[in-house]
Amino acid sequence: MGMPRSEWSAGPGFTLIELLVALAVAAILLAIAVPSFSALFEGNRGRAATLGLSSAVALARDTAMNGFERTTLCPADSAGTGCAVGTDWSGGWIVGIGDGTIDDVVQVWSSPGDNMTVSASISGVVFAPTGEATATGAFDVVSGDYVRCVSFTLVGQAYTEEGGCP
């Protein structure tokens, strides 16, 4: 009843072998690309933390000058309402009104993520209404191969350099 065998054709398309070969090639290319993407993501997280620290320094200084109040930048405690003790800033940081303590929160930056460390030479800094900092400071931001030093001067100017802080 149907067509004779000599007149039957499979039509356009791919054979199972061709599809399996294409799938194997795609899997190999994906296995090569994934480590590159991991390094890209680590670098992006490092850049985000670096920019976050620079903007926190600028915000603390601007808040002090505009509000005519002393403003503190310090590592955030677990509740995000005050200063943590120590020089490990990996848990995030906070800017708030207050002289070494946080009386009124201005902004909180959350932890930059796992496998990233942010450490500093200081446990916090206070900016006076004149915009001057009580001390200079430097932050080491490390995320995989991404290593940067964010430092700031007594006048609150932040600088970023490749490599760790001296």
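Which of LEU20, LEU59, LEU73 moves the most in a Gaussian network model of the chain with Cα springs under 10 Å? Checking each option, the largest mean-square fluctuation is seen for LEU20.
As a ratio to 2.2 N^0.38 Å, the alpha-carbon radius of gyration computed for the chain takes the value 1.75. Where does the stretch 25-99 land on Rg/Rh, using Cα atoms and the Kirkwood Rh? Taking Rh as the inverse mean 1/r over Cα pairs, Rg/Rh reads 1.26. Packing, taken as the mean count of other beta carbons within 10 Å per residue, orders the peptides 61-68, 103-110 from highest to lowest as 61-68, 103-110.
Only helices enter this figure: runs of n ≥ 4 DSSP H residues, each worth -39500 (n - 2.57), summed and divided by the residues of the chain, yield -12000 deg cm²/dmol at 222 nm to the nearest 500.
Peptide packing: for 147-155, 28-36, 78-86, the average count of neighbouring Cβ atoms within 10 Å per residue gives the ranking 147-155, 78-86, 28-36, highest mean first. Have a look at GLU69, GLU132, GLU18 and tell me which one the Gaussian network model of the chain (Cα, springs below 10 Å) gives the largest fluctuation. Evaluated over the chain, the most mobile residue of the options is GLU18. When the chain is described by a simple charge dipole with +1 on each Lys and Arg Cβ and -1 on each Asp and Glu Cβ, the residue from GLY164, ALA76, TYR146 located farthest towards its positive end is TYR146. For the stretch 104-166, the Kirkwood radius over C-alpha pairs fed into Stokes-Einstein at 37 °C and 0.692 mPa s yields D = 255 µm² per second.
Throughout, read-outs are computed from the coordinates displayed, never taken from laboratory work. Keep in mind it's a predicted model, so treat the numbers as computed, not measured. Note that we place each Cβ from the backbone using ideal geometry, even for glycine, and neighbour counts take in every protein chain shown.
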